[in-house]
Amino acid sequence: MASQNRKFPRPFVVSVEGNIGSGKSSFLNYFQSYPGVKTFSEPVADWCDVGGHNLLALLYQNPEKWSFAFQSTVQLSRLNIILQPTNANVKMIERSLQNNRFCFLEIGKQMGALSPPEYAVLTKWYEWLEQKADIGLDLIVYLRTKPEVAHERMAKRQRPEEKEIPLSYIHLVHDCYETWLVGDGQAKAQSLAPVLILDANRPLDEIFKVCEENRDKILGIHR
């Protein structure tokens, strides 16, 4: 429920990050009933119907052919979410433009799914947005999950577009997240926003308990 009396000029922006199957949707669902919190899930349905084309399915079927079109669409949809006005004190989003730039563009480059010119174009777009629009984050919450756990959860939920995703890809996403938010890229990530790392390998009820323990930090109560 969004508050109509926001105390700050702009909402406290929280990006919930993590691998496929890490529990991002459950995390957002947990906080969406809090007063003054507005949650924004990834617009997966939009990616599955771009002028009648399912870009998400096409990406998983042929990443070399469709990565540029897909990442362009994702970047646009994430921009739309971050710029969407709200009266809420807290704006909680599922992944971010920063994630797109420092995680999934790097994956595309590493896999050879994005050619050097395509990677350069998408990077330039991000740099322009960073300069011209308020896309800043106030907190990054990383739901850290072992690839095997994430892959098992993904298989259980049986989303049609995800049935072709191999464990090797989940490992690749995990490694990029680790580099960005834990390893060599951590200093860059911390310059974007503070990073809160939560162990998301646990059962859901235990994760919610940890969420409650970190509630004030996650909601920017004492900013």
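The numbers here are math on the coordinates, done by the rules we state, and not lab data. Quick caveat, the model's predicted, so the values are computed rather than measured. Because the Cβ atoms are built from the backbone with ideal geometry, glycine has one as well, and the counts that use them run over all protein chains shown.
What ranking of R153, R159, R78 emerges when the number of other C-beta atoms within 10 Å of each C-beta is taken as an exposure proxy, fewest first? Don't jump to the answer; show the numbers that get you there.
Values: R153 17, R159 14, R78 25.
Ordered from fewest to most neighbouring Cβ atoms within 10 Å, R153, R159, R78 come out as R159, R153, R78.
How big is the Rg/Rh ratio for the chain, C-alpha atoms only, Rh by Kirkwood, two decimals? Could the numbers behind the result be given before it?
Values: Rg = 17.0 Å, Rh = 18.0 Å.
For the chain, the value is 0.94.
Helix 63-83 sits at what angle to the longest principal axis of the chain, using alpha carbons and giving 0 to 90 degrees rounded to 10?
Long axis of 63-83 versus the principal axis of the chain: about 20 degrees.
What's the Cα-based Rg to Rh of the range 61-183, Rh via Kirkwood?
Values: Rg = 15.3 Å, Rh = 15.8 Å.
Using only Cα positions, Rg/Rh for the range 61-183 is 0.97.
How large is ³J(HN,Hα) for each residue in the range 14-28, as worked out from phi by the Karplus curve 6.51 cos²θ - 1.76 cosθ + 1.60 (θ = phi - 60°), to whole Hz, x for Gly and Pro?
10, 9, 8, 10, x, 5, 4, x, 7, x, 4, 5, 5, 4, 5
What distance in nm separates the simple spin-label points at A155 and A133, each placed 7 Å from Cα in the Cβ direction?
Inter-label distance under the simple model: 3.8 nm.
Between H174, A69, I207, whose Cα lies farthest towards the positive end of the dipole of the chain when Lys and Arg beta carbons carry +1 and Asp and Glu beta carbons carry -1, centred on the Cα centre?
Positive-end residue among those listed: I207.
Going by alpha carbons, how many degrees (0 to 90, nearest 10) lie between the helix axis of 147-157 and the longest principal axis of the chain?
90 degrees
What translational D, rounded to a whole number of µm²/s, comes out for the range 1-126 from Stokes-Einstein when the hydrodynamic radius is the Kirkwood one over Cα pairs, at 25 °C and 0.890 mPa s? Before the final figure, lay out each step's value.
Working: Rh = 15.6 Å.
For these conditions, the coefficient is 157 µm²/s.
When the Cα centres of the range 28-60 and the range 149-186 are compared, how far apart do they sit, in Å?
Centre-to-centre (Cα) distance: 17 Å.
Which value in Å is the Kirkwood Rh of the range 93-153 over different Cα pairs?
On the way: mean 1/r = 0.0746 Å⁻¹.
Its Kirkwood hydrodynamic radius stands at 13.4 Å.
Calculate how steeply helix 116-132 sits against the longest principal axis of the alpha-carbon atoms of the chain, using the helix alpha-carbon long axis, and give the answer as 0 to 90 degrees to the nearest 10.
Helix 116-132 and the main axis of the chain meet at about 20 degrees.
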